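Where a number appears in this text, it was derived from the coordinates with a stated rule and is not lab data. What you see is a predicted model, and the numbers here were worked out from it, not measured in a lab. We place every Cβ from the backbone using ideal geometry, glycine too, and count neighbours over all the protein chains shown.
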Amino acid sequence: MRNILAIAGKELRSLFVSPIAYVVLTGFLLLGGWFFFNMLFRFSYLLTLYTGIQNAGAVQALNLNEYVIAPLLNDFTIVLVIMIPLITMRAFAEEKRSGTYELLLTSPLTVAEIVLGKLLGLLAFVAIMLGLTGIYPLILIFYGNPELGPIAAGYLGLFLMASVFVSIGLFASALTDNQIIAAVICFVVLLLLYILSWPAETAGGGIAGLLKYLSVVDHFNEMVKGVIDTRDLVYFLTLLILSLFLTHRAVEASRQAQ
Amino acid sequence: MVEVRGLTKYYGDFRAIHDVTFTAEHGEILGLLGPNGAGKTTTMRIVTGFMPATEGTVSVEGFDVVKEAREARRRIGYLPENPPLYHDMTVSSYLKFVGRIKGVAKSELDDALERVLDKCFLTDVADRIVSRLSKGYRQRVGLAGALIHNPPVLILDEPTIGLDPKQIIEIRTLIKELAGDRTVILSTHILPEVSQICSKVVIINEGTVAVEKSLKELAQGASLEEVFLRYISKESAAAAV
């Protein structure tokens with residue numbers, strides 16, 4: 001555990017001693033702010049509209065969770081698909097390039113400790129990143145009364161999804177010593193996971209079910225609604241463990257081929 | 001003490017080293033000598049456990065580097081050809097990180113840091129960022145990293161390459177000082193370096209050990225240059241037949 005924390009701490013610090021962390025956090029919050037403003041603006045517009053035409057039923061149906069928070073978190077997932085490959089691409093690729101890979105692999109550490117350390121460090125960064133967006137729901141809680149359950153479940157879903165994305169990024173980075181290749185591999189896999197369910201509408205039958213199950217979007221959508229189902233948790237954990245296992249294999253294999 | 005027994009390494013079909021065997025005793029500075037591409041780096045990477053050999057074993061202070069990897073690695077300080085530095089860290093935060101992953105206890109970390117800063121003449125630059133340092137300083141930071149857990153075995157891959165004459169002299173003096181109670185294996189293709197600091201010489205040529213002798217035995221009568229050329233040309237000639 002001590003070793004894992006040492007690696008994790010270094011990983012997290014290395015993001016903050018370079019401008020990377022600040023650029024990523026600023027960018028993420030800038031986009032987040034814009035999305036939030038959009039959703040809120042639309043909500044307020046609909047509210048005025050429905051009140052104006054005295055449609056009590058429609059006004060009743062408007063709620064902050066469904067009209068602001070759920071779409072906001074959904075937009076974050078798209079930003080994560082783009083940002084996470086950029087955060088994870090360095091993880092192993094840069095160590096290989098700069099020669100520090102040799103330091104890590106000749107230290108009294110196991111490969112599992114190195115992989116878990118890197119995962120933990122990057123997840124801490126993602127947690128900071130997502131944590132800072134907590135300001136938007138807080139504003140809503142301050143001025144309105146959204147349900148807290150779906151917000152918490154939504155953020156849990158977002159974090160689980162980000163964890164899966166990070167572990168896929170680690171795997172991509174372990175495959176190569178080129179950061180751009182690592183980022184592209186990761187981005188392609190994340191986007192595929194994201195859009196896998198698109199043909200499901202027309203495919204029908206068992207294939208539709210399979211595609212929907214494999215795609216990350218449906219599992220996330222369940223959680224944003226406030227439903228924490230073990231089926232979705234199992235899905236995220238399976239992907240996480242699978243990618244970490246593959247990362248472990250990739251690092252071991254890279255030893256052979258130096 | 002480091003015992004290397006019958007190491008063979010294939011990269012695909014290419015045989016980088018074949019049946020490399022030698023022993024470095026406690027208190028000895030062993031010079032691994034050979035032309036570029038002879039297999040020096042490959043040998044060192046296997047000895048440090050960075051990569052596995054296709055065949056053969058290495059034991060460090062009695063621990064097998066593959067089967068008892070953790071124990072063996074605790075006892076090795078390794079400076080690769082390019083010092084493994086994190087360029088955006090400060091010297092002391094880098095050394096502390098290395099100390100932690102090498103297994104130095106938290107309570108001893110500050111003492112260990114002070115000791116290596118002092119030993120490698122880095123105290124003045126402890127708070128500088130690594131990327132701002134000159135090559136000579138970086139080499140010393142790398143060496144300090146290899147020493148932070150006070151290992152009984154030091155493995156140095158071309159420690160003086162790319163340094164200016166003054167820095168070369170400093171590093172050599174440092175290595176000689178460090179040797180005392182340690183086992184040191186260093187690779188080089190600079191012959192005078194060997195005659196100045198090494199007590200034992202292993203000449204590797206085209207992946208095999210051409211000779212393993214103490215410096216005294218080897219240099220009897222002839223200069224090291226002559227001996228070196230004789231061994232590598234004899235081997236090449238034999239290989240060509």
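Structure values in brief
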| item | result |
| --- | --- |
| Residue exposure sequence - B:13, A:75, A:232, B:110 - by fewest surrounding Cβ within 10 Å | B:13, B:110, A:75, A:232 |
| Placed amide H near residue B:66: partners under 5 Å, 5+ positions off or other chain | B:58 |
| Packing-based exposure ordering (other Cβ within 10 Å, fewest first) of B:158, A:102 | B:158, A:102 |
| Set B:40/B:102; B:9/B:119; B:102/B:166; A:10/B:200; A:96/B:200 screened for pairs whose C-alpha atoms are more than 28 Å apart | B:9/B:119; B:102/B:166; A:10/B:200; A:96/B:200 |
| Proximal charge balance of residue B:56 [Cβ under 9 Å; K/R count +1, D/E count -1] | 0 |
| Mean Cα-pair separation over length for chain A, i.e. relative contact order, pairs under 8 Å, 6 or more apart, % | 25 percent |
| Per-residue average of Cβ from other chains inside 10 Å of B:75-81 | 3 |
| Mean separation of Cα contacts under 8 Å (6+ apart) over length of the range B:81-151, as relative contact order % | 48 percent |
| Charge dipole (debye, nearest 20) of the protein assembly as shown; +1 at Cβ of Lys and Arg, -1 at Cβ of Asp and Glu | 260 debye |
| Pairwise centroid distance, computed over Cα atoms, of the range A:221-251 with the range B:50-101, Å | 34 Å |
| Centre separation in Å (Cα based) which lies between the range B:143-221 and the range A:132-172 | 56 Å |
| Interchain or long-range residues, amide H under 5 Å from residue A:147's placed H | A:65 |
| Proxy reagent accessibility, fewest Cβ within 10 Å first, across A:45, B:11 | A:45, B:11 |
| Span-like helix ranges in chain A, DSSP H, alpha carbon extent 18 angstrom or more, Kyte mean at least 1.0 | A:20-52, A:70-88, A:111-132, A:148-174, A:179-195 |
| Inter-label distance for residue A:208 and residue B:13, nm, one decimal - labels placed 7 Å from Cα along Cα-to-Cβ | 5.4 nm |
| Nitroxide proxy distance, nm - points 7 Å out along Cα→Cβ at residue A:142 and residue A:159 | 2.3 nm |
| Two-decimal log10 I(q)/I(0) for the range B:117-218, as the Debye equation yields it once each C-alpha is a single scatterer, q = 0.17, 0.18, 0.21 Å⁻¹ | -0.83, -0.92, -1.17 |
| Highest-first arrangement of A:216-223, A:239-246, B:74-81, where packing means the average Cβ count within 10 Å | B:74-81, A:216-223, A:239-246 |
| Pairs of Cα atoms farther than 28 Å apart, the range A:2-256, % | 40 percent |
| Dipole of the range A:2-256 [Lys/Arg +1, Asp/Glu -1 at C-beta], most positive-end residue of A:152, A:55, A:239 | A:239 |
| Positive dipole terminus of the protein assembly as shown, leading residue within A:174, A:110, B:144 (C-beta point charges) | B:144 |
| HN-Hα J in Hz across the range B:24-35 - Karplus 6.51, -1.76, 1.60, θ = phi - 60°, x for Gly and Pro | 10, 7, 4, x, 9, 10, 9, x, 9, 10, x, x |
| Check: chain B dipole with +1 on Lys, Arg Cβ and -1 on Asp, Glu Cβ, in debye | 360 debye |
| Under the span-like rule (Cα at least 15 Å along the axis, Kyte-Doolittle mean at least -0.5), DSSP H helices of chain B | B:91-101, B:135-147, B:165-179, B:224-240 |
| For the range B:1-90: rounded, prolate or oblate by the Cα gyration tensor [a/c cutoff 1.5] | rounded |
| Volume in Å³ per residue [convex hull over Cα atoms, computed for the protein assembly as shown] | 175 Å³ |
| Evaluated at q = 0.11, 0.26, 0.27 Å⁻¹: base-10 log I(q)/I(0), Debye formula over Cα of the range B:81-151 | -0.21, -1.20, -1.29 |
| Where labels lie 7 Å past Cα in the beta-carbon direction, separation of residue A:110 and residue B:177 in nm | 3.9 nm |
